[in-house]
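None of the figures in this text is laboratory data; all of them are computed from the coordinates on show. In this text the structure is predicted, and so the values were computed from the model without any measurement. With ideal geometry, Cβ positions are generated from the backbone for all residues, glycine too; neighbour counts draw on all protein chains shown.
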Amino acid sequence: MNLEKLREKIHQFTGNLYDKHRMKLLEKKVDSFLKKYGISVEEILQNNEYLDLFIDSILVNETSFFRHKEQMFEFKDKYLKDIVKNPFYRIMSAGCSTGKEVYSLAMMILDTKPDEKNVRVTGVDLSSTVLSVAREGIYEADRINQIPSKYRKFVTVKENKLYIKEEVKRITEFKQGNIVNSEYFNFKNYSAIFCRNVIIYFTREKLRKALKNFHSSLTKSGILVLAPTEKIDRDFSDLFVPEKVGKFTFYRRAN
């Protein structure tokens with residue numbers, strides 16, 4: 001099994017590096033894919049359709065509504081209340097998976113400024129599969145437990161399914177993009193970008209590419225939100241500078 005070449009392809013396309021400590025995990029994912037399609041690793045490497053399907057299968061990263069909710073609420077208090085004063089603005093969820101973060105942000109916006117129409121919350125992901133799920137906005141009913149009670153007015157639960165209401169979907173959009181490839185990450189004038197639990201396994205080379213793309217996509221003084229445990233060190237201070245507000249560190253675009 002030629003795992004090394006496949007590992008290189010994954011790193012090239014997604015920025016995600018499977019180091020020696022994660023090779024067992026990669027082997028399991030590959031074995032599962034090979035059994036499902038009855039093919040070999042060589043066929044994945046030689047057939048772009050299989051390669052796309054494989055990349056798609058390893059990218060699926062289940063998330064939740066209001067993940068790291070304390071951080072989200074701090075963002076709301078410190079930044080969002082000022083952002084919504086703009087006549088038009090955009091907020092992005094990069095690596096949005098099945099869209100729960102996008103809808104959580106949209107709910108916070110509508111709670112802050114009811115009947116808001118002059119905004120787009122953009123979900124960006126490399127996987128077309130998860131984007132299809134995100135656009136539908138239909139989830140398992142028990143996900144209601146992830147949504148704080150004051151925001152449950154934005155969803156409907158019936159027949160064991162949770163439906164995002166149209167007023168929330170109306171201000172959202174979902175697009176395919178690759179955060180480590182500037183040709184496939186052509187976004188501009190975003191006030192804030194959320195990219196949480198995505199860059200944790202990036203090499204420094206891929207991380208710089210992603211951060212440069214975020215820098216180009218943000219407005220001057222735009223905010224980058226990483227997961228609470230993720231940090232950007234001083235080597236990238238030409239792109240982002242840390243801003244400690246309250247309990248969490250956010251990152252301001254360097255001009």
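When Cα Rg over 2.2 N^0.38 Å is calculated directly from the model, which label among (i) 1.17; (ii) 0.95; (iii) 1.04 fits? The value computed from this structure is option (iii).
Distant-in-sequence amide contacts of T219, defined by a placed amide H-H separation under 5 Å and a gap of 5 or more residues or a different chain, comprise N189, Y190, S191.
Projecting the alpha carbon convex hull of segment 108-187 along each direction and taking the average yields 6.2 nm². Summarising the label geometry, the points placed 7 Å from Cα in the beta-carbon direction at K231 and D52 lie 4.1 nm from one another. Rounded to the nearest 20 debye, the dipole size of the chain about its Cα centre is 820 debye, using +1 on the Cβ of Lys and Arg and -1 on the Cβ of Asp and Glu. Structure note, pairs K85/K247; K212/K247; K113/K158; K69/K188; K113/K161; K20/K220: Cα-Cα distances above 32 angstrom occur for K20/K220. Using Cβ point charges alone (K and R +1, D and E -1), the dipole size of segment 1-128 about the Cα centre works out to roughly 300 debye. Applying 0.36 nm per residue to the separation of K244 and R143 and subtracting their alpha-carbon distance, the gain on full extension is 33.2 nm. This model, with +1 at the C-beta of Lys and Arg and -1 at the C-beta of Asp and Glu, gives segment 3-59 a dipole about its Cα centre of some 320 debye. When both segment 164-186 and segment 68-121 are represented by their alpha-carbon centers, they are found 13 Å apart. Taking the 0 to 90 degree range and rounding to the nearest ten, how far is the long axis of helix 100-112 tilted relative to the main principal axis of the chain, both from C-alpha atoms? Tilt of helix 100-112: around 10 degrees.
Can you give me the Kirkwood hydrodynamic radius for segment 169-247, using every pair of distinct Cα atoms, in Å to one decimal?
Result for segment 169-247, one decimal place: 13.5 Å.
The L45 and K20 beta-carbon pair, evaluated with R₀ = 22 Å, returns a calculated FRET efficiency of approximately 0.60.
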